[in-house]
Amino acid sequence: MKKIFLILQMIFFILFFQNVNSLENNIYKKIDLFGEVLDKINKEYVDEIDQSESMDSAINGLLQSLDPYSAYMSPEIFKEMKTETSGEFGGLGIEVSMESGVVKVISPIDDTPASRAGIKSGDYIVKIDGIQVQGKSLTEAVELMRGLVGTEIELTIRRRGEKKALTFVIVRETIEIQSVKSELLEKNIGYLRLTSFNENSAEQIKKKIIELEKNKDISAYILDLRNNPGGLLSQAIKISDFFLDNGEIVSTKSRKKIENRKWFAKKGDLTNGKTLIVLINYGSASASEIVAGALQDQKRAILLGENSYGKGSVQSIIPLKNKGAIRLTVAKYYLPSGKSISDVGVSPDIEVGEQSENFKIKTETDNQLNYAIKLING
């Protein structure tokens, strides 16, 4: 019996290593093929090419084939990205992804050139300064949009419901993000507008809540996450915790089970359990959806507005030897209910459509904000 077992074990290992060797051989053949194609392009293509740029494009193409959020960053772009997440950068003020070969606007950031020009969530950028975006990588498109502060850029936009393309001429600016705005509405409602999740967001919103709580008349809060494209996961967890006393906030599941994680709220609701309404729309993505979904699942808040964007994955920035980096999807996050929001989004408890292109505090045409105020005050 032992002999039969040993023979079967040997057969298994032989077949296993044959399979591994076969896979490795196939990979090496593909690498050889890639080298051959690059050589043919270099020798035969009608125009002379920059082989370094071609290799960058090939790397980016590999990453972009995985999902819209994975991408290669050159050393220059990586340096600029680190400036963006610290809360100050130059540009138009839009968060974008790639869909069907064109750049899709996830959300314009409040009080930036893009939002003032009228760029909307869900817009498709088809041309940048007259150059077709189709066929370019997201990184290449972003590089086209970069430029000196004070210079103009022309974006050609395709928008749902519009038969003709729209053209926007926008002047680039240095973007200084104050991610939190607050105001007292109707003498009894604390209004908190969160425009992004950068390194300073949690500390800013905590200070605003503490200031508002000094007013003894406050009976409710409105947390406005509309057109918030997301940002740092750590900030989403901290901000969710400000409104919770206990319970799960979010969990992540990755390819390596050992890296699966769950985050829970600590005791200490900064608003002392007051009524909370969270405003969301199609431009609410990523970290915004974590906060909205966690507060909804824990029965802590009423969600009002429209279905959110549906970006339920976690990207990790992995530095490379050339001082560049890759942005790689390493996990998916799940709400306390166990639901993933990838491509689905978070659904509001009360669906209310938009009537205004801007979300300035107390605007008479802000249908969603007005509905929230009426809901609180009866």
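The C-beta contact set for segment 194-206 (first residue free of Cβ contacts under 8 Å to residues at least 40 places away in the same chain, second residue in a helix (DSSP H, G or I), distance under 6 angstrom, 6+ apart or interchain) comprises SER201/GLN235; ILE205/ILE239. Of all the residues in segment 289-311, those that are farther than 21 Å from ILE373 by Cβ and surrounded by 24 or more Cβ atoms within 10 Å (Cβ to Cβ) number 7. Screening the candidates LEU144, LEU148, LEU155 for the property of being part of a loop (DSSP other than H, G, I, E, B) and outside the structural domain of ASP343 (by TED's automatic domain parsing) yields one hit, LEU148.
If you check SER316, SER342 for being in a strand (DSSP E or B), modelled with pLDDT under 90, surrounded by fewer than 17 Cβ atoms within 10 Å (Cβ to Cβ) and out of contact with any Pro (no Cβ under 6 Å at 6 or more places or on another chain), only one passes: SER316.
Residues in segment 207-244 that are surrounded by 17 or more Cβ atoms within 10 Å (Cβ to Cβ), over 28 Å from the mean Cα position of the chain (by Cα) and touching a residue at least 60 places away in the same chain (Cβ under 8 Å): ALA220 only.
Residue-by-condition table, conditions (1) exposed (fewer than 12 other Cβ atoms within 10 Å of the Cβ); (2) hydroxyl-bearing (Ser, Thr, Tyr); (3) more than 22 Å from the chain's Cα centre (by Cα):
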site	(1), (2), (3)
THR139	no, yes, no
MET145	no, no, no
GLY150	yes, no, yes
ILE153	no, no, yes
ARG159	no, no, no
PHE168	no, no, yes
ILE175	no, no, no
GLU186	no, no, yes
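May I ask you to verify whether ALA285 is over 25 Å from SER115 (Cα atoms) and of a type in the set (Gly, Ala, Ser)? Taking the combined requirement at face value, the residue does not satisfy it. Restricting attention to segment 263-294, the residues being at negative phi and within 20 Å of the chain's Cα centre (by Cα) number 17. Of all residues in segment 71-99, those that are over 17 Å from GLY230 (Cβ atoms), in contact with a Phe, Trp or Tyr (Cβ under 8 Å, 6 or more places away or on another chain) and either modelled with pLDDT of 85 or more or not in a helix (DSSP H, G or I) (or both) total 0.
For a quick check of your reading of the model, give me the residue pairs whose first member lies in segment 70-97 and is surrounded by fewer than 17 Cβ atoms within 10 Å (Cβ to Cβ), whose second is at pLDDT 70 or above and of a type in the set (Asp, Glu), with beta-carbon atoms closer than 6 Å and at least 6 apart or on different chains. From residues that are surrounded by fewer than 17 Cβ atoms within 10 Å (Cβ to Cβ), the pairs are SER86/GLU199; GLU88/GLU176. Scanning segment 110-119 for residues that are in a loop (DSSP other than H, G, I, E, B) and more than 14 Å from ASN281 (Cβ to Cβ) yields ASP111, THR112, GLY118, ILE119. Somewhere in segment 164-177, is a residue of a type in the set (Lys, Arg), under 30 Å from ALA58 (Cβ atoms) and touching a strand residue (DSSP E or B) at 6+ places or on another chain (Cβ under 9 Å)? Yes: segment 164-177 contains one or more residues that are of a type in the set (Lys, Arg), under 30 Å from ALA58 (Cβ atoms) and touching a strand residue (DSSP E or B) at 6+ places or on another chain (Cβ under 9 Å).
Scanning segment 234-267 for residues that are among the hydrophobic types (A, V, I, L, M, F, W, C) and under 17 Å from VAL314 (Cα atoms) yields ALA236, ILE237, ILE249, VAL250, ILE258, TRP263.
Would you confirm, using the coordinates I've provided, whether ALA292 is part of a helix (DSSP H, G or I) and either in contact (Cβ under 8 Å) with a residue 60 or more places away in the chain or assigned by TED's automatic domain parsing to the domain that holds SER340 (or both)?
yes
Scanning segment 112-146 for residues that are out of contact with any Leu (no Cβ under 9 Å at 6 or more places or on another chain) and free of Cβ contacts under 8 Å to residues at least 24 places away in the same chain gives ARG116, GLN132, LEU144.
The values are calculated or read from the model by the stated rules, or taken from the named source; none is laboratory data. Note that the structure is predicted; figures quoted are calculated from it, not measured. Backbone-built Cβ (ideal geometry, glycine too); neighbour counts: all protein chains shown.
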